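Worksheet: one structure, shown below.
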Amino acid sequence: RKAKRNPRFPTIQKMVLLWEKLRVRDVTTKNKHALVKQILELAGDELTNYATSHKASRVIQAAFKNGSAEQRREISSAVIEDVVNISKSEYGYHLAMRVCSEVPPADVPNIASQFRGKIPQLIRHPAAARVIDELYGRSTEKVRR
């Protein structure tokens, strides 16, 4: 009942149905990319809001895993814009970790700049601390400072 009061509930239900099709092992790569495209169209500009909810975060993670390079860049750019809030989320930090570990090395400074000035408070947060640790491991000495 509580979920039905959420204004994004119908969209999340549609996304979960697509996710169930995406999870099947015998789906071709072409079909997976088409399913990811549909998921991203449903999420629209609210991708970061969906990344912090329980079911939808799993859907977005699967879309990042199974998407084409272009679709992964689209998800990455949306996550990088709001990576601090996503990394504080109990559900969203998994996506933030994945993005931090798989973005090209040229994008790591962009992610690190989002955390500037917020490290002392985030290092005490259980989920955000893991994201910072992952990012620190991928950063160069220049970015770490």
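Here, each number is a calculation from the coordinates, and none is a lab measurement. These numbers were taken from a predicted model, which means no experiment stands behind them. Please note: Cβ atoms are built from the backbone with ideal geometry, for glycine as well, and neighbour counts cover all protein chains shown.
Before moving on, here are some points about what is shown:
- Residues of the stretch 100-132 that are free of Cβ contacts under 8 Å to residues at least 24 places away in the same chain and exposed (fewer than 13 other Cβ atoms within 10 Å of the Cβ): Pro104, Ala106, Ser113, Arg116, Gly117, Pro120, Gln121, Ile123, Arg124, Pro126.
- Within the stretch 107-127, the set of residues being part of a loop (DSSP other than H, G, I, E, B) and under 12 Å from Asn85 (Cβ atoms) comprises Lys118, His125.
- Neighbours by Cβ (under 7 Å, 6+ apart or cross-chain): first from the stretch 47-74, closer than 14 Å to Arg98 by Cβ; second not in a helix (DSSP H, G or I): Ala51/Gly92; Ser57/Tyr91; Ser57/Gly92
- Test: residue in the stretch 68-78 that is among the polar types (S, T, N, Q) and surrounded by fewer than 14 Cβ atoms within 10 Å (Cβ to Cβ): no
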